[in-house]
Amino acid sequence: MTGELARAKARLDRLRLYPRPVSIRGVRMLTLPWLFRLPRMRRYDGYALPWTILLRDRPGSGTASEDLVCHELCHVWQMQHHPLRVFRAWLTVPYEQNPYELEARRAVENTKILS
């Protein structure tokens, strides 16, 4: 799984969203399909926590695309720089309007490699 993280980091390193590049040192990716069967988690394919990315499917299969890993790693990056702000936004702003969610979506779009 370190290859997926390294590729996502390379994509995010092209952006200048924060003063320091995202660190993948100590970041783990876990595949937990049962977690995404819980009622509040069903709409997600991935979820980021500080230093941990949770995925519904194994990277490279099912819904766990390279774009999803990049998106979730962007959330890890956000938490590396503004953990309290990210948490506060998660508590107070609707998902569709959350500035950190929108930023992660833009990061994926701005780093897509066109074939």
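The values are calculated or read from the model by the stated rules, or taken from the named source; none is laboratory data. Here the structure is a predicted model, which is why all the values come from computation and not from measurement. A quick note on method: Cβ atoms are made from the backbone with ideal geometry, for glycine too, and the neighbour counts reach across all protein chains shown.
Could you tell me whether any residue of the stretch 43-66 is touching a Gly at 6+ places or on another chain (Cβ under 9 Å) and in contact (Cβ under 8 Å) with a residue 60 or more places away in the chain?
Looking through the stretch 43-66, at least one residue is touching a Gly at 6+ places or on another chain (Cβ under 9 Å) and in contact (Cβ under 8 Å) with a residue 60 or more places away in the chain.
Take the conditions touching a helix residue (DSSP H, G or I) at 6+ places or on another chain (Cβ under 6 Å), within 18 Å of Thr2 (Cβ to Cβ) and assigned to a loop (DSSP other than H, G, I, E, B) and apply them to Ile24. Does it pass? Can you show your working first?
Values: touching a helix residue (DSSP H, G or I) at 6+ places or on another chain (Cβ under 6 Å): yes; within 18 Å of Thr2 (Cβ to Cβ): yes; assigned to a loop (DSSP other than H, G, I, E, B): yes.
When the stated conditions are applied, Ile24 passes them.
So Ala6 ticks every box in (1) among the hydrophobic types (A, V, I, L, M, F, W, C); (2) surrounded by fewer than 16 Cβ atoms within 10 Å (Cβ to Cβ); (3) part of a strand (DSSP E or B) but one. Which box is left unticked?
For Ala6, the failing item is (3).
Checking the structure you have, find out if any residue of the stretch 53-67 is surrounded by 13 or more Cβ atoms within 10 Å (Cβ to Cβ), of a type in the set (Val, Ile, Thr), in contact with a helix residue (DSSP H, G or I) (Cβ under 7 Å, 6 or more places away or on another chain) and at pLDDT 95 or above.
yes
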